[in-house]
1. Based on this model, can you work out whether residue 24 counts as within 19 Å of the chain's Cα centre (by Cα) and at positive phi?
2. Taking interchain pairs and intrachain pairs at least six residues apart, which have beta carbon atoms under 9 angstrom, with the first residue in the stretch 76-104 and on the phi < 0 side of the Ramachandran plot and free of Cβ contacts under 8 Å to residues at least 40 places away in the same chain and the second exposed (fewer than 10 other Cβ atoms within 10 Å of the Cβ) and part of a helix (DSSP H, G or I)?
3. Taking residue 3 as the residue in question, decide whether it is touching a strand residue (DSSP E or B) at 6+ places or on another chain (Cβ under 7 Å) and modelled with pLDDT under 95.
4. When the residues of the stretch 1-17 are narrowed to those that are assigned to a loop (DSSP other than H, G, I, E, B) and in contact (Cβ under 8 Å) with a residue 12 or more places away in the chain, which ends up farthest from the chain's Cα centre (by Cα)?
5. List every residue pair whose Cβ atoms lie under 6 Å apart, where the two residues are 6 or more positions apart in sequence or sit on different chains, the first residue falls within the stretch 19-41 and is more than 17 Å from residue 8 (Cβ to Cβ), and the second residue, located anywhere, is surrounded by 10 or more Cβ atoms within 10 Å (Cβ to Cβ).
C-alpha cells in the first residue's frame with residue numbers, strides 16, 4: 001500500500017508518518033511512486049500508536065521498544081536457520097545437541 005492508504009488505515013497525518021520514518025521506527029520500501037508499505041509495517045505502526053497513545057511511552061522509549069522488536073525478529077530468524085541445520089543432522093547428532101540444550 002502507498003503512504004496515503006497507510007495513513008488512512010491508521011487515521012494519522014502524513015506528517016506523523018514522516019516522523020516515524022525519520023526515527024526509523026518504520027522502514028518502508030522506496031519506489032518511484034513513493035513509499036510502499038507491507039502488512040508488517042502496519043503492525044509496527046499500530047504498536048507505535050499503542051505505545052505513544054494509551055501507554056504513554058515517550059519517543060526514547062518507543063525507540064528502545066522498536067530496536068528490541070527488531071532484535072527479537074532477527075534472533076527468531078537465526079534460530080530458524082539453526083533449527084534447520086540441526087534437523088539436517090543424523091538422528092544421533094540431533095539427540096546429542098538436544099541433550100546439551102536440555103542440560104542448560
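The values are calculated or read from the model by the stated rules, or taken from the named source; none is laboratory data. These numbers were taken from a predicted model, which means no experiment stands behind them. FYI the Cβ positions are ideal-geometry reconstructions off the backbone, even for glycines, and counts take in every protein chain you see.
1. So residue 24 passes the test.
2. 94/87
3. yes
4. Applying the filter and picking the extreme gives 12.
5. Once the first residue is more than 17 Å from residue 8 (Cβ to Cβ) and sits in the stretch 19-41, its partners that are surrounded by 10 or more Cβ atoms within 10 Å (Cβ to Cβ) give 25/48; 25/66; 29/36.
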